[in-house]
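Read the structure below first, then the notes.
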Amino acid sequence: MHALPEPPARDRPLSPFRALPGDMAPRDAQDLMANPFFSLGKSRRTAPIDFRSSTVTVRVEGTLEHGIATIWDADVLIWAASQLVEARDAGIRTSRLIRATPYEILRFIGRGTSQRDYVRLKAALDRLQTTSVATSIRETTGRRLHRFSWINEWKELAAHDGKPLGIELVLPDWFYAGVLDRALVLTIDPAYFRLTGGIERWLYRLVRKHGGHQPDGWQFDFRHLHRKSGSAARYSDFACDLRALVARQSLPGYHLSTLRIAPCTDLLAFRPVPQTARG
């Protein structure tokens, strides 16, 4: 009797990866840092995000029930990326199927661990699972779109006696492949999780992605930033928020400033703050 051929790798059952304990550096996926994948407001957003440039297409849609995943929901993906990179660097086999406890996730992303926080985490997982993304990023022709949700599926685990055993979630191939490529992940400041504003969080990720540690920093036109953010706010309100961030200087590791180069053209400039000057 002939043996049945082995199924393709994508058709084989996933082996679970148990999340690692202990502290680790937070890592973020560069593609997520540089493009408008998330709602910047805490209220439910159902209007799609539709961003197109000469090289990139991003289309994000949410359901009427849950809305589009928010930039706070994306903390779960930062946790997942951090886990995968830490395991890879330690020579531990990883998987798109991850098991963890809500406590472990909440502690890592700087949240509380009350029942209310657990309920909010479950709502975040629901939004990540029901948000639909279509993008040309990393597609070789630049014209074809890769479609996925931030989480393919997730479920709560329990013992036979009903005792909670944590949660299990499956990451999409697109995210998993990007994270495991060393060139597509950056370490971020743990203080990021303490940033409370949506535009503030989005701007930090963009600055970290583009500015890096370049001593001369980087500059962006206000209107370009507004378009690139995917924000639902009017441009005038968005510009006001940017100026408020410059006044507060709340982005960890970076100094912000503005420069007017024409009557209706403002630039946002940012440069790294030397370690010795951070206190």
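Of a type in the set (S, T, N, Q), touching a strand residue (DSSP E or B) at 6+ places or on another chain (Cβ under 6 Å) and surrounded by fewer than 16 Cβ atoms within 10 Å (Cβ to Cβ): which single residue out of S257, S236 fits that description?
S257
Quick check on my filter: what residues within the range 65-79 are of a type in the set (A, V, I, L, M), within 11 Å of the chain's Cα centre (by Cα) and assigned to a loop (DSSP other than H, G, I, E, B)?
Narrowing the range 65-79 to residues of a type in the set (A, V, I, L, M): 68-69, 71, 74, 76-78.
Okay, now just the ones that are also within 11 Å of the chain's Cα centre (by Cα), so 69, 71, 74, 76-78.
Those that are of a type in the set (A, V, I, L, M), within 11 Å of the chain's Cα centre (by Cα) and assigned to a loop (DSSP other than H, G, I, E, B): A69, I71, A74.
Could you tell me how many of the residues in the range 106-157 are among the aromatic types (F, W, Y), farther than 23 Å from A191 by Cα and within 17 Å of the chain's Cα centre (by Cα)?
Residues of the range 106-157 among the aromatic types (F, W, Y): 108, 118, 148, 150, 154.
Keeping just the survivors that are farther than 23 Å from A191 by Cα gives 148, 150, 154.
In the following step, the residues that additionally are within 17 Å of the chain's Cα centre (by Cα) were identified as 148, 150.
The number of residues fulfilling the criteria is 2.
Which residues, taken from the range 126-148, are in a loop (DSSP other than H, G, I, E, B) and aliphatic (A, V, I, L, M)?
I137, L145
Take S82 and tell me if it is polar (S, T, N, Q), more than 18 Å from F175 (Cα to Cα) and under 19 Å from the mean Cα position of the chain (by Cα). Talk me through it step by step, then tell me what you get.
Numbers: polar (S, T, N, Q): yes; more than 18 Å from F175 (Cα to Cα): no; under 19 Å from the mean Cα position of the chain (by Cα): yes.
Judged against the criteria, S82 is not a match.
Quick one: which of V85, V119, V58 is assigned to a strand (DSSP E or B) and in the same structural domain as I167 (by TED's automatic domain parsing)? Lay out the reasoning, then the answer.
Working: V85 fails: assigned to a strand (DSSP E or B); V119 fails: assigned to a strand (DSSP E or B).
Criteria check complete, one pass: V58.
Taking R88, is it surrounded by fewer than 23 Cβ atoms within 10 Å (Cβ to Cβ), farther than 16 Å from E153 by Cβ and over 17 Å from the mean Cα position of the chain (by Cα)?
For R88, the condition - surrounded by fewer than 23 Cβ atoms within 10 Å (Cβ to Cβ), farther than 16 Å from E153 by Cβ and over 17 Å from the mean Cα position of the chain (by Cα) - is met.
Answer yes or no as to whether L157 is closer than 19 Å to A19 by Cβ, touching a residue at least 24 places away in the same chain (Cβ under 8 Å) and surrounded by fewer than 16 Cβ atoms within 10 Å (Cβ to Cβ).
So L157 fits the description; yes.
Check the range 61-70 and report whether any residue there is in contact (Cβ under 8 Å) with a residue 24 or more places away in the chain, in contact with an Asp or Glu (Cβ under 7 Å, 6 or more places away or on another chain) and not aliphatic (A, V, I, L, M).
The answer is yes; a qualifying residue exists.
What do you reckon, is V207 touching a His at 6+ places or on another chain (Cβ under 6 Å) and not assigned by TED's automatic domain parsing to the domain that holds H146?
The answer is no for V207.
Restricting attention to the range 167-216, which residues are in contact with a Gly (Cβ under 7 Å, 6 or more places away or on another chain), over 21 Å from Q129 (Cα atoms) and not aromatic (F, W, Y)?
Passing the criteria: L184, D189, R194, G211.
Can you name the residue in the range 22-53 that is not in a loop (DSSP other than H, G, I, E, B) and not aliphatic (A, V, I, L, M) and is also nearest to I199 (Cα to Cα) among such residues? It would help to see each step written out before you state the result.
Narrowing the range 22-53 to residues not in a loop (DSSP other than H, G, I, E, B): 27-34, 39, 49-52.
Then keep just the ones that are not aliphatic (A, V, I, L, M); that gives 27-28, 30-31, 39, 50-52.
Working: R27: 19, D28: 17, Q30: 17, D31: 17, S39: 10, D50: 17, F51: 17, R52: 20 Å.
Ranking the qualifying residues of the range 22-53, first place goes to S39.
In this structure, is T130 within 18 Å of R45 (Cβ to Cβ) and in the same structural domain as P48 (by TED's automatic domain parsing)?
yes
The values are calculated or read from the model by the stated rules, or taken from the named source; none is laboratory data. Quantities reported herein were computed from a predicted structural model and do not represent experimental measurements. Glycine also receives a Cβ, built like all others from the backbone with ideal geometry; neighbour counts cover every protein chain displayed.
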